[in-house]
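The values are calculated or read from the model by the stated rules, or taken from the named source; none is laboratory data. Just so we're clear, the structure is a prediction, and the values are computed from it rather than from any experiment. Neighbour counts run over all protein chains shown; Cβ positions are idealised from the backbone, glycine included.
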Ligand code: C2E
Ligand code: MG
Ligand code: MG
Ligand code: MG
């Protein structure tokens, strides 16, 4: 966070920078309290198969129920967390909450897989696999295949050497792996054909713009073909309209997620949403 130092050769005292760092420390402290006070919540966004209209699972997305500011999106607090000693504890909280939720849904007769976003430093934390294993042992009714980990394509790439081992271990546990925001990084064929990746998740920027921008459409089409060629699943995020869904089906991309299907929602709304889900009208 040495923002503002630029190319200065002498690190003169910079009052603005100092203030920024104090603010950051205060914010991390505030986030620590938030974790203790159970102010974080997970919302869940459905993922569906556009061809069969089946609900295939949900993605867990963190929010902060701030006592004064209301419900805050991850962009409002995750950047401050980055690199702090809270990144792993909050990541572990998310994983535990998601596994607990799958167990709770199973008790209601609802078998709903959950995907969880994991930061690179959490994934590379030495205790990651041990924690995951312990958690899954605690909830034997939740099979490992119901849990999917989403890692940013860019993160998986930059940490390949260290990351490789932990991805293999996840795979060995039976937990699925998805490369999130796919298309924004620089993964080569050679790179990901050797990784135990189950799914490519096409970044929503390409999906949102694909109807107006032929280049974005080409990227979506290429990722779908890439996934096919390597027998990986592919899912599109950012499906906002039936026209997006139609275009995806034409490209043979069946799995989708987006505001046009459902917005992220609290856990207790999921079963009612699912009961009312009649599918997208594509005609
Ligand atoms: P992501 O994993 O790519 O998640 C998708 C984001 O796109 C979510 O934003 C979701 O609400 C939003 N979205 C879904 N469908 C649409 C759509 O049709 N149109 C538009 N414009 N947006 C859509 P959200 O919840 O604000 O999360 C932002 C990012 O924060 C996530 O991107 C993920 O990278 C990160 N994140 C969220 N929860 C967690 C978490 O528990 N742990 C970690 N490490 N990162 C998280
Ligand atoms: Mg994600
Ligand atoms: Mg994404
Ligand atoms: Mg994203």
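Descriptive notes on the structure:
- Of all the listed residues (256, 272, 243), the sole one being surrounded by fewer than 22 Cβ atoms within 10 Å (Cβ to Cβ), closer than 23 Å to residue 61 by Cα and at pLDDT 95 or above is 272.
- Restricting segment 138-163 to residues that are under 15 Å from residue 92 (Cβ atoms) and over 20 Å from the mean Cα position of the chain (by Cα), the residue that is surrounded by the most Cβ atoms within 10 Å (Cβ to Cβ): 139
- Count of segment 225-236 residues which are in a helix (DSSP H, G or I) and in contact with a helix residue (DSSP H, G or I) (Cβ under 8 Å, 6 or more places away or on another chain): 1
- Segment 43-62, subset in contact with a helix residue (DSSP H, G or I) (Cβ under 9 Å, 6 or more places away or on another chain) and within 16 Å of ligand 3 (Cβ to nearest atom), residue nearest to residue 262 (Cα to Cα): 46
- Close pairs from segment 204-218: first over 16 Å from residue 250 (Cβ atoms) and at pLDDT 95 or above, partner in a loop (DSSP other than H, G, I, E, B) and within 15 Å of ligand 4 (Cβ to nearest atom), Cβ under 6 Å, at least 6 apart: 204/237; 204/238; 208/238
- Of everything in segment 259-269 that is in a loop (DSSP other than H, G, I, E, B) and in contact (Cβ under 8 Å) with a residue 60 or more places away in the chain, the residue that is surrounded by the most Cβ atoms within 10 Å (Cβ to Cβ) is 261.
- In segment 101-120, the residues that are within 16 Å of ligand 1 (Cβ to nearest atom) and either under 14 Å from the mean Cα position of the chain (by Cα) or surrounded by fewer than 16 Cβ atoms within 10 Å (Cβ to Cβ) (or both): 113, 114, 115, 116, 117, 118, 119, 120
- Set 198, 213: member being away from ligand 2 (no atom under 16 Å from the Cβ) and on the phi < 0 side of the Ramachandran plot: 213
- Residue 208 within 16 Å of ligand 2 (Cβ to nearest atom), more than 17 Å from the chain's Cα centre (by Cα) and either more than 26 Å from residue 170 (Cβ to Cβ) or surrounded by 19 or more Cβ atoms within 10 Å (Cβ to Cβ) (or both): yes
- For the criterion of being outside any loop (DSSP other than H, G, I, E, B), touching a residue at least 12 places away in the same chain (Cβ under 8 Å), touching a helix residue (DSSP H, G or I) at 6+ places or on another chain (Cβ under 6 Å) and within 16 Å of ligand 2 (Cβ to nearest atom), residue 239 fails.
- When segment 222-231 is filtered for residues that are surrounded by fewer than 19 Cβ atoms within 10 Å (Cβ to Cβ) and either under 18 Å from the mean Cα position of the chain (by Cα) or on the phi < 0 side of the Ramachandran plot (or both), the ones remaining, listed by number, are 222, 225, 226, 228, 229, 230.
- A single member of 112, 106 is more than 17 Å from residue 170 (Cα to Cα), at pLDDT 95 or above, more than 16 Å from ligand 4 (Cβ to nearest atom) and not in a helix (DSSP H, G or I), and it is 112.
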